[in-house]
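**Student:** Structure incoming, see below.
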Amino acid sequence: MDAWARFLSPLLAPTPAIPGDTRNFEARMTAYHFGAFLLCHSHTDTIRYLRARHHIMQDGQDHYILHARLQGCATLATLTGSQPQSCPRLATSICLAPGDLGIMDMSCPILLDSNTGESVTLVMPRRLLMPYVECATLRWHGHAIRSQSASGMILAQHLLTLAHAAPNLQEQEAQLLTHATVKLIATCMRLQEQSSQRSCGACAWPSRQQAIREYIEMHLHQDNLDVEHLLKHQGISRSQLYRLFEPFGGVSTYIRTRRLERSLQALCSLDRSQDRISDIAYTHGFTDEAHFSRLFRRQFGCSPRHIRESWLWGDTPLQNMPPRTCTTGLSQWLMTLG
């Protein structure tokens, strides 16, 4: 139990289903890094997962979790509490039967009671859904896509098939399936939009940091996106802004890193394989190609041209990308998504 808790700590805090009982607990997981999202195939004994407000404030993760039950049931609950330090209270809960998918927003408190069974879980940054699902707001937190629905049948089967196929995928095959998977998830969520009833009260705690990060994602292409721009358009004091982004090394560092990561995506994209490197730099907020190349090399250990040529030949020689082994911490994998 202690080992499982340490491994999953960047996402959720596992605790025994019976408080204090850590005997004979067994769990195993195979996790695949698809670049844009993580796909985890798990078998676990009965266990409880909690993500409280203080956890959210500490790590600043802004991801969606899609949890597909294959065997065994689970209960997904949304929690309330006006402050990070306050005691969480149960707001709503839903049962997830085999075949159902539960949707969790990592910027909101989460409680998941999972019975002994098997599941496939996908973790992806909110920003991936933003172009497709009205900025992917908090309204989906605590919602289930049922196995009886067409969306549920399609999506659950797709995630399971993807987990089975993952060990045999080449890099470019995985990238193509990544784009298709994100679009499929967005489509299924839209199909559920009118037919599902969701609770709004439990989802009314978007963090200030999250709102600013969403604004940054939508304006990364603007070369004038900087601290002064955010102060003007977000109605926040300089000290508050610096404090919110301290975990990322500061606001400017966060913006520069996100621009470089988005540029990396573009350089390794089939859709933009014919674009000039200078055009990719300019469309991601860099005004000077030479300066962009220096920053890129410092971040990833090689030049933009080397990255593109290596990717086209089926190689990805990034010094700071996670190796395809389970020895890399889950927190590092989460940092490299997108």
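**Student:** Every residue in region 104-132 that is touching a Gly at 6+ places or on another chain (Cβ under 9 Å), surrounded by fewer than 20 Cβ atoms within 10 Å (Cβ to Cβ) and within 15 Å of LEU76 (Cβ to Cβ), please.
**Tutor:** Listed by number, the residues that qualify are ASN115, GLY117.
**Student:** Please list, ordered by residue number, the strands (runs of 3 or more DSSP E) wholly in region 94-189 having 1 or more residues that are more than 24 Å from GLN61 (Cα to Cα) and either of a type outside the set (Asp, Glu) or touching a helix residue (DSSP H, G or I) at 6+ places or on another chain (Cβ under 6 Å) (or both).
**Tutor:** Hits in region 94-189: 117-125.
**Student:** Still on this model: Identify the residue in region 233-274 that is β-branched (Val, Ile, Thr) and surrounded by 15 or more Cβ atoms within 10 Å (Cβ to Cβ) and, among all such residues, is nearest to SER310 (Cα to Cα).
**Tutor:** Selected residue: THR257.
**Student:** Name the pairs: first residue in region 5-17 and touching a residue at least 12 places away in the same chain (Cβ under 8 Å), second residue assigned to a helix (DSSP H, G or I) and open to solvent by 50 Å² or more (accessible area, probe 1.4 Å), Cβ to Cβ under 7 Å, at least 6 apart or on different chains?
**Tutor:** Close Cβ pairs satisfying both conditions: PRO10/SER331.
**Student:** Based on this model, can you work out whether ALA144 counts as over 15 Å from LEU66 (Cβ atoms) and open to solvent by less than 70 Å² (accessible area, probe 1.4 Å)?
**Tutor:** no
**Student:** Where the second residue is open to solvent by less than 70 Å² (accessible area, probe 1.4 Å) and the first is more than 26 Å from PHE292 (Cα to Cα) and lies in region 221-240, which pairs have Cβ atoms under 7 Å and are six or more apart or on separate chains?
**Tutor:** Matching pairs, first to second residue: GLN234/ILE212; GLN234/TYR215; ARG238/LEU231.
**Student:** Take the residues in region 34-45 that are open to solvent by 20 Å² or more (accessible area, probe 1.4 Å) and more than 20 Å from THR75 (Cα to Cα); name whichever of them is modelled with the highest pLDDT.
**Tutor:** Ranking the qualifying residues of region 34-45, first place goes to PHE34.
**Student:** Can I ask one more? Taking ARG48 and the conditions (1) open to solvent by less than 30 Å² (accessible area, probe 1.4 Å); (2) outside any loop (DSSP other than H, G, I, E, B); (3) at pLDDT 90 or above, which numbered condition does it fall short on, given that it satisfies the others?
**Tutor:** Among (1) open to solvent by less than 30 Å² (accessible area, probe 1.4 Å); (2) outside any loop (DSSP other than H, G, I, E, B); (3) at pLDDT 90 or above, ARG48 violates only (1).
**Student:** Against the condition at pLDDT 90 or above, open to solvent by 50 Å² or more (accessible area, probe 1.4 Å), more than 27 Å from GLY250 (Cβ to Cβ) and not aliphatic (A, V, I, L, M), how does PRO98 come out, does it pass?
**Tutor:** Yes, satisfied.
The values are calculated or read from the model by the stated rules, or taken from the named source; none is laboratory data. For clarity, every value in this text was computed on a predicted model and none was experimentally measured. Neighbour counts run over all protein chains shown; Cβ positions are idealised from the backbone, glycine included. We work out accessible area using only protein heavy atoms, side chains counted, and drop any ligands, DNA or RNA first. Shrake-Rupley method; radii C 1.70, N 1.55, O 1.52, S 1.80 Å.
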